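The values are calculated or read from the model by the stated rules, or taken from the named source; none is laboratory data. Keep in mind that what you see is a predicted model, and the values were worked out from it rather than measured. Glycine also receives a Cβ, built like all others from the backbone with ideal geometry; neighbour counts cover every protein chain displayed.
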Amino acid sequence: MSDAEPATDGARVPQQARSRATRRALLAAAGERFAARGFHGTALNDLLGNGVPTKGALYFHFASKQAVAEALVAEMSASWDLVLPEVRRVAADGLEALVLLTDAVIVRLDDPIVRGAGRVLRDGVVVSPTLAEVTTWWRDQAEELLVEAQAEGLLRPEADPGWVAGEVVAGFAGRATVSEGWSGVTPLRDLVDEFWAGFLPLIATPDWSRRWTARPWRQRQRPDGVGPQDVDGPVIHGVDTEP
């Protein structure tokens, strides 16, 4: 090994970091454009500007607009895999974990990569995953948490975890659509909190509901680091046990 090799390896690290940062910037810009105009309404040259590097940088990372779309969906999926384990670590039980998991989804919807990936899925651009598959993944994770809550004795006997999970996902999707249509007049978090206030007492045992109501759950902190651009990973905040 020559004396020059360590210096070469050292120089490669910041170069790789710059390359990753450039790629994230390209994906964020593409996500904004796709979310606003749709995949089919956006030309590859439209992805330049707004702080995005040169066309050469774009083609270095992505061979085509299709490749950009596929990368957006891949980034969205990969970053989500980090969220559920952190939610489980912080939450006191399965029902609280369900609330915190939904909080993470709300925050992620502000990330341009997630918004762009969502539009790519709605436009049917990638073969897999489809929008239906992504929705099913989220529903399955919600059901996992509800099965845990059921095992903990926190659900009413008539509250089937599969059915409840479907209602949670459908209720969230409807409120997200309403919030977007109202141009943010009512924040999505507030709409979902109203859903929780009415829905949780219907599925949870009276004892759990009383304990939950006594906790300052509406004042819970937003999760941090849950978006694809957050390189340090997710930070989930649990609900305080006392007001």
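In table form, for the structure just shown:
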{"item": "Top-ranked residue in segment 55-74 [being touching a residue at least 24 places away in the same chain (Cβ under 8 Å) and among the aliphatic types (A, V, I, L, M); ranked as surrounded by the most Cβ atoms within 10 Å (Cβ to Cβ)]", "result": "Leu72"}
{"item": "Hey, Gly198 under 30 Å from Leu72 (Cβ atoms) and of a type outside the set (Phe, Trp, Tyr) or not", "result": "no"}
{"item": "Those residues of segment 207-221 which are among the basic types (Lys, Arg) and surrounded by 14 or more Cβ atoms within 10 Å (Cβ to Cβ), in sequence order", "result": "Arg211, Arg215, Arg220"}
{"item": "Any hit, segment 230-238, residues being buried (at least 18 other Cβ atoms within 10 Å of the Cβ) and assigned by TED's automatic domain parsing to the domain that holds Pro85", "result": "no"}
{"item": "Test for Asp160: is it touching a residue at least 60 places away in the same chain (Cβ under 8 Å) and not assigned by TED's automatic domain parsing to the domain that holds Gly41", "result": "no"}
{"item": "Answer from Leu95, Leu100, Leu145 - the residue that is in contact with a Gly (Cβ under 6 Å, 6 or more places away or on another chain), farther than 28 Å from Arg37 by Cα, at pLDDT 95 or above and assigned to a helix (DSSP H, G or I)", "result": "Leu145"}
{"item": "Leading residue by the ranking (farthest from Ala91 (Cα to Cα)) among those in segment 163-179 that are among the small types (Gly, Ala, Ser) and either in contact with a helix residue (DSSP H, G or I) (Cβ under 7 Å, 6 or more places away or on another chain) or not assigned by TED's automatic domain parsing to the domain that holds Val107 (or both)", "result": "Ser179"}
{"item": "Count of residues meeting criterion [hydrophobic (A, V, I, L, M, F, W, C), modelled with pLDDT of 95 or more and outside any helix (DSSP H, G or I)] in segment 172-222", "result": "1"}
